[in-house]
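Visitor: After the structure tokens below, expect a handful of questions from me.
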Amino acid sequence: MSSTGVWTMMQGLPAGWNPHKELGLQPGATPAEVKVAFRGLARKHHPDKVQGSEGDDGGETFKRARKAYEILTEPASRALFDEAARAAKCREALQKKKMASSAKTQDDVRAAAQAVEAQLRARQSGDGRKREAGMRGGGMGG
């Protein structure tokens, strides 16, 4: 399949959609495991089999399973999906790092502001004591 065909196949998928999870598989699943998982879901959720039953979702579960099977059995599409999944994990890790860094920076700023406020209060109370001492000292010598 051409890269254009792979891209077309993957368009329209919801953000964060994972074909491995759709089939109940781990990311390193073999093609044989993919086939077994798909066949099990296909038997259970095929529109001809569940039409009109209580669990009927209009074949949506079957369609998602089929899309997952198509992606995971086509080497080019699987490689593209795996690359996109790795990129998403990297973006997520970077975002978490930025958020943690931002929170630490905010905590550092708060701590510095509190330290400055404490120094100002200490100076003000120290200046007040000096004034009182000066008044007392000046009154006694005069």
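Visitor: Once neighbouring chains are kept in place and the probe is 1.4 Å, which whole percent of the accessible area of region 13-128 is contributed by carbon and sulfur?
Guide: Within region 13-128, the accessible surface is 55 percent carbon and sulfur.
Visitor: For CYS90 and GLN124 in the same chain, what is the full-extension length gain: residue separation times 0.36 nm, less their Cα-Cα distance, in nm?
Guide: Gain on stretching CYS90 to GLN124: 7.2 nm.
Visitor: Separate question: What is the extension gain from LYS97 to ALA115, computed as 0.36 nm multiplied by their sequence separation minus the C-alpha to C-alpha distance, in nm to one decimal?
Guide: Gain in length upon complete extension: 3.8 nm.
Visitor: Could you compute how fast region 19-104 diffuses translationally, taking Rh as the Kirkwood radius over C-alpha pairs and applying Stokes-Einstein at 20 °C with viscosity 1.002 mPa s? Give it in µm² per second.
Guide: The estimated diffusion coefficient comes to 145 µm²/s.
Visitor: In nm, to one decimal, how far is the modelled label at ALA32 from the one at LYS63, with both set 7 Å along Cα→Cβ?
Guide: 3.3 nm
Visitor: Can you compute 3J(HN,Hα) from phi for each residue in region 33-49, using the Karplus curve 6.51 cos²θ - 1.76 cosθ + 1.60 with θ = phi - 60°, rounded to whole Hz and x for Gly and Pro?
Guide: Whole-Hz 3J(HN,Hα) from phi for region 33-49: 5, 4, 5, 5, 5, 5, 4, x, 5, 5, 4, 6, 10, 4, x, 5, 8.
Visitor: Turning to a different aspect of this structure: Residue-wise, which Karplus ³J(HN,Hα) couplings in Hz belong to region 20-29, taking 6.51 cos²θ - 1.76 cosθ + 1.60, θ = phi - 60°, and x for glycine or proline?
Guide: Those phi angles translate into 5, 5, 4, 9, x, 10, 7, x, x, 4 Hz.
Visitor: Report the full-extension gain for the segment GLU83 to ASP107: residue separation times 0.36 nm, less the Cα-Cα distance, to one decimal in nm.
Guide: That pair, GLU83 and ASP107, stretches by 5.0 nm at full extension.
Visitor: By its C-alpha gyration tensor, with a ≥ b ≥ c as the square roots of the eigenvalues, how is region 57-103 shaped: rounded for a/c under 1.5, else prolate for a/b larger than b/c, else oblate?
Guide: oblate
Visitor: To the nearest 10 square angstrom, how much accessible area does VAL36 have with a 1.4 angstrom probe?
Guide: VAL36 exposes around 100 Å² with every protein chain in place.
The values are calculated or read from the model by the stated rules, or taken from the named source; none is laboratory data. From a predicted model like this one, the values you see are computed outputs, not experimental measurements. No Cβ is skipped: glycine too gets one built from the backbone with ideal geometry, and neighbour counts run over all protein chains shown. What goes into the accessible areas is simple: the full protein's heavy atoms, side chains included, and nothing from ligands, DNA or RNA. Shrake-Rupley method; radii C 1.70, N 1.55, O 1.52, S 1.80 Å.
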